[in-house]
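To start, the structure itself, in structure tokens.
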Amino acid sequence: MKIVSNFPKKTWVIFSVITVAATILFAKCDSPSDGNNRLGFPFPFYEYIGGKRSIEPEIRSSFNFIYLLFDLIIYFGLAYFFTFLIKRSKK
């Protein structure tokens, strides 16, 4: 856990804001109108297949842990970059 404590608190706050904002802004929630739901940007890590299909799928929802991990790595990289820019602009 020493790696986690080395990052400033601002990085974790920015990371949380980016994660929640990106998930909400880029979510596709069309299942009430016979569509599909997708969560995750740039890699959709969760998908729900809604509506009627000629061949009904056995499993309507799927979760991809690797895509979630990729999304979190990208968000953390952005948060660290923004923290670096904030520190640099204060000097």
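Quick note: the coordinates plus some simple rules give every number you see, no bench work behind them. In this text, all values refer to a predicted model and were calculated from it rather than measured experimentally. Cβ placement follows ideal geometry from the backbone for every residue including glycine, while neighbour counts extend to all protein chains displayed.
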*With the dipole of the chain worked out from charges on the C-beta (+1 for Lys and Arg, -1 for Asp and Glu) around the Cα centre, which of ILE59, TYR75, GLY35 lies farthest toward the positive end?*
TYR75
*To the nearest 20 debye, what is the magnitude of the charge dipole of the chain about its Cα centre, counting +1 on the Cβ of each Lys and Arg and -1 on the Cβ of each Asp and Glu?*
840 debye
*Over the chain, what is the mean sequence separation of C-alpha contacts under 8 Å (at least six apart), divided by residue count, expressed as relative contact order in percent?*
26 percent
*Radius of gyration, Dmax [the chain; alpha carbons; angstrom]*: 17.5, 62
*Cα-based count: Lys pairs in the chain below 28 Å, eight or more positions apart or different chains?*
11
_Counting only helical runs of four or more DSSP H residues, what would the 222 nm mean residue ellipticity of the chain come to if each run contributes -39,500 (n - 2.57) and the total is spread over all its residues?_
-17500 deg cm²/dmol
_Counting all C-alpha pairs of the stretch 10-61, share separated by more than 16 Å (%)_ = 50 percent
*Dipole magnitude of the stretch 48-91 about its Cα centre (Cβ charges: Lys, Arg +1; Asp, Glu -1), debye to nearest 20*: 480 debye
